[in-house]
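Right, one structure below, let's go through it.
The values are calculated or read from the model by the stated rules, or taken from the named source; none is laboratory data. Values in this document were obtained by computation on a predicted structure and should not be read as measured data. Cβ atoms come from the backbone with ideal geometry, glycine included; neighbour counts cover every protein chain shown. Accessible surface areas use protein heavy atoms only, side chains included; no ligands, DNA or RNA. Shrake-Rupley method; radii C 1.70, N 1.55, O 1.52, S 1.80 Å.
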Amino acid sequence: MNSGFSDITAAQPAKELPRITGSEAVIRSFIAEGVETIFGYPGGAIIPVYNALYDYRDRLNHILVRHEQCAIHAAQGYARVTGKTGVCIVTSGPGATNTVTGLADALLDSTPIVLISGQVASSQLGTDAFQEINFIEITQSVTKWNCQVKRAEDIPAAIARAFYIASSGRPGPVVVDITKDAQNGLTNFDYNPIKFIRSYQPYADICSDQILEAVRLINLSRKPMALVGQGVILANAEQELKEFLEKSGIPAASTLLGLSALPSDHPQYVGMLGMHGNYGPNIKNRDCDLLIAIGMRFDDRVTGDPSKFGINAKIIHLEIDPAEINKIVYADVPVLGNIKESLPMITERISQNDHSEWIDEFRVCANIEREDIIDPAIERRGAHLRMGEVVDAVSKEFDDAILVTDVGQQQMFASKYFKFKRSRSIITSGGLGTMGFGLPAAIGAKIGAPERDVCLFVGDGGLQMTSQELGTIYQSQVGVKIILMNNGYLGMVRQWQELFYDKRYSFTELVNPDFELLAKANRIAYRCVERHEDLDDAIREMHSTEGAFLLECRVEKEENVFPMVPAGAPVHDIRLE
Amino acid sequence: MEREFIITIFSENKVGILSQVTTVFTHRNVNIESIAASPSAIEGIHKYTIAVKNDPERVANLVKQIEKKVDVLKVFCYSPSEVVMQQLALYKVKRSRNVEELVRRHNVRILEIHDEYIVLEKTGHKAELDELYQILAPYGIYQFVSSGQVAIIKSRRELLDEYLKYVNEKRDRILSETK
């Protein structure tokens, strides 16, 4: 496959090359890329690779998951806390198709993943052989790139390409589908990391005219707001962001995935954007005269009605992916390129400024939200525990933990009430909104950052989507702290049914298993808390217990997340109740 | 407002590119009016010519999404006035004296004459091919097929060459940095 491409690799001196199997070439390519951890699940068409892995157990840590979807989610958690590429191995057919949700999630949330899938022997391709599926076709729209390898000698170059594509530019998932005969075949092993692909230019040249125009608008603006996305984290540009904000004096709001790029207590941080974001950054959207979008993509959960988003504002869009420019919202000044380079070019040229009066307007909003929503939500009152108070209490007990969430109400409560001190501290499924993401992602996060606490918030619905991974937690001894928000409902859908469908709770009530028995069956420490007065003690017990812990919080059954922007409405129509 | 566009896509010559490209059209809900694939003038580079009718913003976004595909080199989008376009059609028509007269009047080539039918070929713009179809229809068309539109830009600049020059310089820079 190399012959058709003009890839450039670092030049290597001529030498005697070892002759090894394609399978061993896979493993040695991983080692050459600095891989330490693999998430996977063996099966017929990938046995040769697992056979090779057996000899490298001391150098590669393989985590055996319980379902292939969770291999990807775990690798996503790992990639997002470490900044490295997550690596997975699965077999052909059902092993491969099970990964599709994970790949789609990684594509939408720009997470670098390399997935090696086994495939039937090349002589059997296209014959509907046992566990054969056209995985290249299936993953066309859920990967950044994919390829099939049918010869052992093509494996190192394909894997080098995969790692380069997954991690460069806007990161994403890639698939290398390897036939069984290629795994078994012999090849000379020579690994050369790839630095250039002529049809793939991941970093656009930064246009100095656009920089100057952005500087001009920033200097003129009286009511600017920065919108911080995950692009800042992916580009390792947290420091550059801080310098930009502190020189410009501009208030900054964050998208869900951009959280933790800026510490929660930064004086210019004004909260989270979006449908269930904070009151200030949504309501002030209408008053802004300049929006500076930094590494974010104007998801509809952020913009509401895009035609009314920033209706009085000019928009500067700093973005690495040309396809995101003008996709949803028209950018008056698009600044293409790596923000780690473009942001300092702007910072250098803007005037030192102070927008404290404008930031005070956000503070007024924050006070309204605190009095009307946050304080009542975290207050220890009422007959039942509520999600807000649980998140608040966990965040206070676990200083500087990594937050992992599932999808739904707990996701919104957790992302708003959890406090962040440093970057790469939130792992959540933003774009795809994959229920069941939380538990496996938390496993990957803990393995990626063993020295940090990992707190997972998950609902009773989401936990049951991937609860088989409790087995992985026990087998691999992963010390994840699981906070189960059990309200007996698919809470977010129930909230919509309450507000917009006349309380017709169509199939959102769950009759749940005994979660204590589920924890015990998987040999995981467990405690249940129902009363306000037991909450702190239960959280302390979870904290002081070595290893994994499942804390079941029986919370108010019909609590709603507010504020809320109704779907399709302008964001300044945000409702406090 | 819907307008006609000709999108030309240059890619590496690799299995599965067409499927990568058409996935973008399905995902972004844009219908393909016609499609043609062939090697380009540069060895190893394939060219796809796709005609669409859609609103300009949507097409602009579509072009960027196609270009995002790793094996796609470069995508250009033109309005019909910027290119020379041709399309070829074959008509299998019931044989009659009237048809033979029409052939002479409409500058149509005869490819095959049979007792029962006659096979005609016409090259031109889509509108001309459609017009001929309408004229022949009353005489009985057994079969009709047309190729995708093919197009060559009128501009003197060779945009793909300029792009390749740019990426080659970039490659040389990266090479010298890694040495």
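Do we have B:ASP161 as within 14 Å of chain A (Cβ to nearest Cβ) and among the acidic types (Asp, Glu) here?
Numbers: within 14 Å of chain A (Cβ to nearest Cβ): yes; among the acidic types (Asp, Glu): yes.
Spelling it out, B:ASP161 is indeed within 14 Å of chain A (Cβ to nearest Cβ) and among the acidic types (Asp, Glu).
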Tabulated pairs, region A:257-286, first over 15 Å from A:ILE373 (Cβ atoms), second among the acidic types (Asp, Glu) and open to solvent by less than 20 Å² (accessible area, probe 1.4 Å), C-beta under 9 angstrom, 6+ apart or interchain: A:LEU257/A:ASP109
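Here's the yes/no breakdown for (1) of a type in the set (A, V, I, L, M); (2) modelled with pLDDT under 95:
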| site | (1), (2) |
| --- | --- |
| B:ILE6 | yes, no |
| B:ILE9 | yes, no |
| B:LYS14 | no, yes |
| B:SER34 | no, yes |
| B:ILE42 | yes, yes |
| B:VAL63 | yes, no |
| B:VAL72 | yes, no |
| B:MET85 | yes, yes |
| B:ARG95 | no, yes |
Residue check for B:LYS122: away from chain A (no Cβ under 14 Å) and either more than 18 Å from the chain's Cα centre (by Cα) or closer than 30 Å to B:VAL30 by Cα (or both): yes
Enumeration of residues in region B:16-27 that are surrounded by fewer than 16 Cβ atoms within 10 Å (Cβ to Cβ) and either more than 10 Å from chain A (Cβ to nearest Cβ) or within 16 Å of B:GLU43 (Cα to Cα) (or both): B:LEU18
Test: residue in region A:113-132 that is out of contact with any helix residue (DSSP H, G or I) (no Cβ under 7 Å at 6 or more places or on another chain) and within 14 Å of chain B (Cβ to nearest Cβ): yes
Set B:VAL75, B:VAL63, B:VAL52: member being crowded, with 18+ Cβ neighbours inside 10 Å, in contact with an Asp or Glu (Cβ under 8 Å, 6 or more places away or on another chain), of a type in the set (Val, Ile, Thr) and under 26 Å from A:VAL175 (Cα atoms): B:VAL75
Residues (over 27 Å from B:ASP130 (Cα atoms) and crowded, with 17+ Cβ neighbours inside 10 Å) located in region B:1-13: B:PHE10, B:SER11, B:GLU12
Unique residue being open to solvent by 30 Å² or more (accessible area, probe 1.4 Å) and either in a loop (DSSP other than H, G, I, E, B) or of a type in the set (A, V, I, L, M) (or both) when the list is A:ASP502, A:ASP537: A:ASP502
Complete set of residues in region A:1-53 that are at pLDDT 95 or above and acidic (Asp, Glu): A:GLU24, A:GLU33, A:GLU36
From A:GLY433, A:GLY382, residue being within 23 Å of A:VAL561 (Cα to Cα), under 26 Å from the mean Cα position of the chain (by Cα) and either within 14 Å of another protein chain (Cβ to nearest Cβ) or surrounded by fewer than 17 Cβ atoms within 10 Å (Cβ to Cβ) (or both): A:GLY433
Failed condition for B:PHE144, given (1) among the aromatic types (Phe, Trp, Tyr); (2) within 12 Å of another protein chain (Cβ to nearest Cβ); (3) open to solvent by 80 Å² or more (accessible area, probe 1.4 Å): (2)
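Rundown of residues vs (1) open to solvent by less than 20 Å² (accessible area, probe 1.4 Å); (2) of a type in the set (Gly, Ala, Ser), yes/no style:
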residue	(1), (2)
A:GLU238	no, no
A:PHE244	yes, no
A:SER248	yes, yes
A:LEU256	no, no
A:GLY271	yes, yes
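I'd like to check which strands (runs of 3 or more DSSP E) are fully inside region A:255-347 and have at least 1 residues that are of a type in the set (A, V, I, L, M) and not assigned by TED's automatic domain parsing to the domain that holds A:ILE233.
none
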Unmet requirement for A:LEU186, which otherwise passes all of (1) away from chain B (no Cβ under 14 Å); (2) farther than 30 Å from A:LEU17 by Cα; (3) among the aliphatic types (A, V, I, L, M): (2)
Residues being surrounded by fewer than 23 Cβ atoms within 10 Å (Cβ to Cβ), over 13 Å from the mean Cα position of the chain (by Cα) and among the β-branched types (Val, Ile, Thr) - total across region A:81-113: 3
Strands (runs of 3 or more DSSP E) contained entirely in region B:1-117, each with at least 2 residues that are in contact (Cβ under 8 Å) with a residue 60 or more places away in the chain, in contact with a strand residue (DSSP E or B) (Cβ under 8 Å, 6 or more places away or on another chain) and not aromatic (Phe, Trp, Tyr): B:3-12, B:32-39, B:45-54, B:72-78, B:83-94
Failed condition for B:LEU90, given (1) within 13 Å of another protein chain (Cβ to nearest Cβ); (2) crowded, with 16+ Cβ neighbours inside 10 Å: (1)
